[in-house]
Amino acid sequence: MSALSLRNLLKTFGGLVAVANVSFEVEDLSIVGLIGPNGAGKTTVFNMITGNYRPDSGDVIFNRRAITGMPTHEIVSLGIARTFQNIRLFQNMTVLENVLAGCHCRMKAGLFSSMFRFPRQRREERHAVEQAMRELAFVGLDRQYNNLAGNLSYGNQRLLEIARALASQPRFLILDEPAGGMNDQETEDLMGLIRNIRGRDITVLLIEHDMNLVMRVCEKIVVLEYGAVIAEGTPAQIKTNPLVIEAYLGVED
Amino acid sequence: MSAGAIKERCRELQNKRWFASAAFVCFFLFMALAPSLLDLFGVSGGGIAQLDMLNKIGISAALALSLNVILGQAGLFHMGHTAFFAVGAYTTAVLSTMYQWPIFSAMPVAGLLAAAIGLAVALPIIHLRGDYLLVVTIGIVEIVRIALMNNIFGITGGANGIYGIARPAIFGFVFNSPKSQFYLIWSFTALTVFIFYLLEHSRFGRALNYIKADDTAAAGCGINVARYKLAAFTLGAFWAGMAGTLYAANIRTIEPTSFNFFESVILFAIVILGGSGSIAGVLLGSFLLIGLQDVFRDFDSARMLVFGLAMMAMMIFRPQGLLPPRRRRYDARKLMGKYACGISRQCGAKYNPYDEDEGSAS
């Protein structure tokens with residue numbers, strides 16, 4: 001069954017066609033990579049899935065339900081979480097508080113009950129802190145919970161964004177260049193992490209320029225160029241696809 | 001003990017979670033003694049002038065704290081807060097003079113009407129960002145002032161305003177003297193601090209801070225940005241309306257000029273200068289901006305010059321304000337190292353649902 005399917009997504013900015021009739025499926029519990037040269041429209045596709053952009057036409061179907069044009073926060077509560085290409089952490093807040101933001105949509109306390117801290121809300125709050133610490137431990141940052149997010153290394157900031165996204169208890173995780181700015185060792189760790197995320201029954205869709213990571217971690221790859229899908233298939237198929245080699249990977253020596 | 005050690009101990013103390021609450025309790029206990037202290041030191045005129053000034057500061061502090069929710073916590077550039085204050089004051093004045101409502105009954109009505117107007121004006125503009133919102137809110141305060149000036153609905157008394165507003169009374173006790181007014185106003189201010197302190201440390205306050213920091217990221221975390229912004233705006237307007245009631249009952253004669261744009265700017269400055277989002281900062285800002293304005297009254301226009309220069313210096317050397325908000329603290333030390341890790345290298349083989357099967361995909 002496919003967790004997410006995109007059907008003929010179209011998005012134009014002024015006269016520029018950023019995404020032209022993109023359709024592809026993401027199978028449940030798979031790890032799918034979306035690759036393509038800079039400006040191919042990868043992030044625009046992500047933004048349409050997460051409700052940051054509304055497509056001009058086409059549909060986004062998540063678990064057999066059309067979510068096209070829904071506001072972002074509702075999409076998050078349906079179970080799609082994301083990270084950003086240009087890291088968007090709350091830089092002046094602590095690591096823990098950043099992750100608590102992700103817990104927010106799973107908490108129920110209203111304005112007054114959260115203010116006056118009834119026992120039930122205190123429990124909920126304590127539970128949220130535990131949940132946040134669990135996600136921090138998962139990405140290996142629990143010992144840094146009280147540091148400012150802005151003081152973390154670049155690679156750790158990327159991991160923190162993943163923890164924050166996981167805290168919203170998603171069934172589907174979208175990672176926009178998770179290895180951007182990471183060194184080789186960190187990228188190696190990230191691959192293990194992505195597999196472990198899938199191990200928690202979360203489907204993963206990622207954009208990445210690090211071909212080593214994409215080829216080793218993804219089960220399916222979709223290649224975008226000039227806003228259109230030019231190829232999709234297993235890493236082995238993509239590696240040998242002449243269209244992809246021409247458009248993106250270049251000819252190997 | 002050396003100076004360094006003392007400094008270190010002070011820092012430790014400040015980092016305690018109870019430090020802020022304890023500081024507020026001490027502050028309000030001290031304020032409770034203020035009238036007696038004025039008596040004790042035999043301030044000329046029985047300290048009435050000083051009490052009047054403190055009353056003014058107390059009302060401004062409550063009002064600025066209500067703006068702090070909107071501007072300081074949620075980061076909405078709102079420079080029209082006096083409009084809601086005016087709505088509250090005029091509602092109280094009309095209910096008191098035309099319908100003989102007791103002040104305390106008028107108070108919630110004043111708050112609710114201000115909140116309703118706040119919600120109505122915020123709905124179409126809440127999605128505006130930064131400077132755009134600022135310009136629109138400036139418009140709001142002008143519209144309200146001009147409406148009052150033109151005797152809207154024939155009940156605001158035009159440029160003359162409304163006079164003869166009753167004193168607040170409860171169970172036959174009338175808050176008549178400056179001293180009783182002082183206790184009434186500062187009780188309200190203390191209540192304001194209490195309520196907004198709880199708000200700051202709730203899930204709601206946290207959500208506002210996320211929105212202030214980055215509303216796209218906040219939405220991406222599942223926070224309903226528009227709804228929270230509206231809630232902050234409406235709550236701030238509600239509280240400003242209630243502060244308006246106290247103002248009307250304190251001053252007893254209100255006129256449109258008391259609610260002009262300049263007053264809005266001062267409120268804005270109190271929040272920014274004191275420390276955007278910090279309750280203690282806003283209290284300090286109220287004392288400095290309202291109190292010092294009064295102290296330097298004799299210098300007239302020169303005082304505004306000094307004022308402006310001081311503000312410029314502040315924004316250059318201490319843009320976060322005099323007392324910026326403290327970091328929230330969470331009790332999570334015990335939870336460190338307790339949960340499983342998903343990164344093999346850092347945490348060993350604690351978490352490993354999938355065998356590391358390198359190359360299976362390639």
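Values quoted throughout were computed directly from the atomic coordinates according to the rules given, and no laboratory measurement underlies them. Computed from a prediction, not measured in an experiment: that's the story for all the values here. Every residue, glycine among them, receives a Cβ derived from its backbone with ideal geometry; neighbour counts consider all protein chains shown.
Here are some notes:
- Crossing angle, helix B:3-14 versus chain B [Cα axis fit, 0-90 degrees, rounded to tens]: 80
- Simple label model, 7 Å out from Cα along Cβ direction - A:Arg143 to A:Glu130, nm: 2.4
- Around the amide H of A:Phe172, modelled in the peptide plane, lie the amide H atoms of A:Ala81, A:Thr203, all under 5 Å away and 5 or more residues distant in sequence or on another chain.
- Straight-line cross-link partners of B:Lys179 among the lysines, defined as a Cα under 25 Å from its Cα and at least 8 positions apart when in the same chain: B:Lys56.
- 27 Å Cα-Cα reach of B:Lys334 towards lysines, excluding residues that sit fewer than 8 places from it in its own chain: A:Lys108, B:Lys16, B:Lys350
- Crossing angle, helix A:184-199 versus chain A [Cα axis fit, 0-90 degrees, rounded to tens]: 80
- Dipole magnitude of the protein assembly as shown, debye to nearest 20 (Cβ charges: Lys/Arg +1, Asp/Glu -1, about Cα centre): 2200
- Remark: mean inter-chain Cβ contacts per residue of A:7-19 equal 0, using a 10 Å Cβ-Cβ cutoff to other protein chain atoms.
- Between the beta carbons of B:Leu123 and B:Val265, assuming R0 = 22 Å, the FRET efficiency works out to 0.35 to the nearest 0.05.
- Equivalent-ellipsoid semi-axes for the range B:50-267 (Cα gyration tensor, √(5λ), whole Å, largest first): 30, 20, 14.
- The calculated FRET efficiency for the pair A:Ser2 and A:Asp184, based on their C-beta separation and a Förster distance of 30 Å, comes to about 0.35.
- Cross-link reach list, aspartates and glutamates versus A:Lys11, counting only Cα pairs under 16 Å and skipping chain neighbours closer than eight places: A:Asp56, A:Asp59, A:Glu225
- For the residues of A:121-132, the average number of beta carbons from a partner chain within 10 Å of their own beta carbon is 2.
- The residue among B:Val144, B:Val174, B:Ala93 whose Cα reaches farthest toward the positive pole of the charge dipole of the range B:50-267, with charges on the beta-carbon of Lys, Arg, Asp and Glu, is B:Val174.
- 10 Å Cβ neighbours from other chains, averaged over peptide A:93-99: 4
- Using only side-chain charges placed at the Cβ, +1 for Lys and Arg and -1 for Asp and Glu, the dipole size of the range A:134-215 relative to its Cα centre rounds to 400 debye.
- Distant-in-sequence amide H partners of A:Ala228 (H built 1.01 Å from N, under 5 Å): A:Ala20
- Rounded to 10°, Cα long-axis angle of helix A:154-167 versus longest principal axis of chain A: 70
- Across the range B:268-273, computed HN-Hα scalar couplings (Karplus, 6.51 cos²θ - 1.76 cosθ + 1.60, θ = phi - 60°) run 4, 5, 4, 5, 5, 5 Hz from first to last residue, x flagging Gly and Pro.
- Euclidean distance between Cα centres, the range B:197-251 to the range A:149-170, Å: 26
- B:Arg9-A:Ser23 FRET efficiency (beta carbon distance; Förster radius 60 Å; 0.05 resolution): 0.40
- When only the Cβ of Lys, Arg, Asp and Glu is charged (+1, +1, -1, -1), the dipole of chain A relative to its Cα centre reaches about 1320 debye.
- Note on chain A: along the principal axes its Cα atoms extend 62, 40, 35 Å, ordered by decreasing extent.
- The fraction of all Cα pairs in the protein assembly as shown landing in successive 10 Å bins from 0 to the largest distance is 3, 15, 22, 21, 16, 12, 7, 3, 1, 0, given as whole percents.
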